[in-house]
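First up is the structure itself, then whatever we jot down about it.
The values are calculated or read from the model by the stated rules, or taken from the named source; none is laboratory data. All of these numbers come straight from a predicted model, not from anything done at the bench. Glycine also receives a Cβ, built like all others from the backbone with ideal geometry; neighbour counts cover every protein chain displayed.
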């Protein structure tokens, strides 16, 4: 088993959260709250009302949970590739593109059970526009922090409440991660000299950034549904009866274009986040494996 990939994935995920969290907050608010009409308007409104702190609401729990989920993603992906190689037998060459895609899909599904509780807490806190620093006549936020939010969900909705939105989360991440890893490995192959086994760091940064953008292009529609189901009933009357009703009601009220309303900010956030994620992952994996050529990043499949 490739233990190094679990460890490296954990640190890479935490670094990615730190880089992309402010834009993630803006993205979630645009998806779930109608008073925010665009990226700039949402960012200005958040800063003027809540200050810089408003962009980092609920970050402490996601740093922990996404470290775990990223560990699961990269560890599952690498070990799944290894299993597929062993199934084909020795001497069959590197993994195929189909094996890379399938391994990515398995990794996306595997991380859902770990990610869902932390993700709903993150979304609930990000959509909480009230400030703790408001005056006595100002409305107070429902949740005092990540732990209070987590316990409140369990108390009000039971443990099942922590997995609200799990179906669209799985439908988002399975194809997204399959495309994510396939794009990364393909770009690395294209831009790597045939005489080299490993791509240069500039290639890793470009491939990581672009793979994130492609992955989010695939996953944004389900991301919108996930966020709406996670927020449904949290502060107002429950609107959706379930997954399919959420889709049909969203299309009926706002049109199909709403599914791509946050695509621009997802791509804007995805490039630097995943550039950092892959560079961190490759550096740490090379160090932990202590290979003689660890000064260069590895190709996505070998």
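Restricting region 142-177 to residues that are crowded, with 19+ Cβ neighbours inside 10 Å and more than 21 Å from the chain's Cα centre (by Cα), the residue that is modelled with the highest pLDDT is 153.
With a requirement of 3 or more residues that are surrounded by 14 or more Cβ atoms within 10 Å (Cβ to Cβ), more than 22 Å from the chain's Cα centre (by Cα) and modelled with pLDDT under 85, none of the helices (runs of 4 or more DSSP H) lying completely within region 42-141 satisfies it. Within region 226-269, the set of residues being part of a helix (DSSP H, G or I) and farther than 17 Å from residue 29 by Cα comprises 243, 244, 245, 246, 247, 248, 249, 251, 252, 253, 256.
Picking from residues in region 181-202 that are free of Cβ contacts under 8 Å to residues at least 40 places away in the same chain and assigned to a helix (DSSP H, G or I), the one that is surrounded by the most Cβ atoms within 10 Å (Cβ to Cβ) is 183. When restricted to residues that are surrounded by fewer than 19 Cβ atoms within 10 Å (Cβ to Cβ) and closer than 26 Å to residue 279 by Cβ, region 24-38 contains 0.
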